[in-house]
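Encoded as structure tokens, the structure appears first; notes follow it.
The values are calculated or read from the model by the stated rules, or taken from the named source; none is laboratory data. This structure is a prediction, so every number in the text was calculated from the model and none was measured. Methodologically, a virtual Cβ is constructed for each residue, glycine included, from the backbone with ideal geometry; neighbour enumeration extends over all protein chains shown.
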Amino acid sequence: MLVEQGETILRLYVLPPDGDHVGVILPLDALFEVRVQAALRLWRVLNGRPPGRDPGRLSSDRISRLILALRTLDGLDDGVSQREIAGILFGREVSAGDWLSHDLHFRMKRLARFAQGLTEGGYRRLLRHPFRRQ
């Protein structure tokens, strides 16, 4: 079976089960570690064992941060101030006079910067998670 998606080609050869051993060919390229982990998970499943932790799964903290970033973007797009967004997201109202020195001010600045980075193409890094260096 050959599946083409843009520049990515996935080749999967399925042999009929006749009791013979099956092999995996892994190219020694930049994604070798990814391929080894995928092959190991496949081997575990084929042998009736649990596949183990999925290395591509995002942590719950990372998921929470992404959700906060998306909500921040929604608020900023609707013209809501960062102070008001912080009050909604974190459940703490901060007066306008205290805002510039409040810890939520700096947290919102970082969150807004992260969210803006996602809109400028940073979301593509999620597709390479956790293998961002390759």
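Worth a mention:
- Test for VAL94: is it surrounded by 13 or more Cβ atoms within 10 Å (Cβ to Cβ) and assigned to a loop (DSSP other than H, G, I, E, B): yes
- Among residues of the range 95-110 that are in the same structural domain as ARG71 (by TED's automatic domain parsing), those with a Cβ under 9 angstrom from a residue that is among the aromatic types (Phe, Trp, Tyr) and not in a loop (DSSP other than H, G, I, E, B), sequence gap 6+ or separate chain, pair up as LEU104/PHE90; HIS105/TRP99; ARG107/PHE90; MET108/PHE90.
- Candidate set from the range 64-80 (those that are among the small types (Gly, Ala, Ser) and in a helix (DSSP H, G or I)); member that is nearest to THR119 (Cα to Cα): ALA69
- Enumeration of residues in the range 26-50 that are of a type in the set (A, V, I, L, M, F, W, C), outside any helix (DSSP H, G or I) and surrounded by 10 or more Cβ atoms within 10 Å (Cβ to Cβ): LEU26, ALA30, LEU31
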